[in-house]
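Input: a single structure, listed below in structure tokens.
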Amino acid sequence: MGSLLQGVNLYLIGMMGVGKTTIGPLLAKHLGYGFLDLDGVIAKATGKSINQLFAEEGEAGFRQIESDVLSQVCAFTKLTIATGGGIVLRRENWGYLHHGLIVWIDVPVELIYKRLAEDTTRPLLQDSDLKVKLRSLLEQRTPLYSQADLHIIVQEGDTPEDIAKRILEAIPGVLKPQASH
């Protein structure tokens, strides 16, 4: 399968809490790829947590740092990359993402809510009504997420292994056939 992708990076997009950082390493292992969590790379590069960056730079400042890091990461090959939920908001990021294969992991809001209800670490969720906030973020981002090469819909009860398997099975169907010389 890794040879089928010919080293092309796999970018996982979707809302926070859909499991990109859990599913990513499973995919990487199957593909013989490395795994990168973009937020992790940003935190390491800046020496600050994502929360700190949001607090100090604001969302716009954070998004710029995110774009800069993405632009550097996309120069590498054979990576499975978990992106932040808002990576799709900046048009320039699509230029980078389209160098690879983009997989949208789509989880129903109710399920995301269950997973994130206790999570105080996410800057965009410091909101009194979490479900309303999640729904509005998803509404805003769905037209962008839907530009992905692959759309994987997650049901309650799907394990990360199930989802990784579905992604791997779907990849051959979206690869552009290579011209034979």
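The values are calculated or read from the model by the stated rules, or taken from the named source; none is laboratory data. Just so you know, these numbers come straight off a predicted model, no measurement behind them. Glycine also receives a Cβ, built like all others from the backbone with ideal geometry; neighbour counts cover every protein chain displayed.
Within the range 125-176, the set of residues being polar (S, T, N, Q) and over 19 Å from Asn9 (Cα atoms) comprises Gln126, Ser128, Ser136, Gln140, Thr142, Gln155, Thr159.
If you go through the range 55-101 and pick out every residue that is in contact with a strand residue (DSSP E or B) (Cβ under 7 Å, 6 or more places away or on another chain) and farther than 14 Å from Thr142 by Cα, you end up with 10.
Only residues that are part of a helix (DSSP H, G or I) and within 28 Å of Gln6 (Cβ to Cβ) were counted across the range 28-44, and they come to 9. Just so you know, in the range 113-153 the residues that are among the β-branched types (Val, Ile, Thr) and at pLDDT 90 or above include one that is surrounded by the most Cβ atoms within 10 Å (Cβ to Cβ), and it is Ile152. Is there a residue in the range 30-44 that is more than 23 Å from Met15 (Cβ to Cβ), touching a residue at least 24 places away in the same chain (Cβ under 8 Å), surrounded by 14 or more Cβ atoms within 10 Å (Cβ to Cβ) and among the hydrophobic types (A, V, I, L, M, F, W, C)? There is at least one residue in the range 30-44 that is more than 23 Å from Met15 (Cβ to Cβ), touching a residue at least 24 places away in the same chain (Cβ under 8 Å), surrounded by 14 or more Cβ atoms within 10 Å (Cβ to Cβ) and among the hydrophobic types (A, V, I, L, M, F, W, C).
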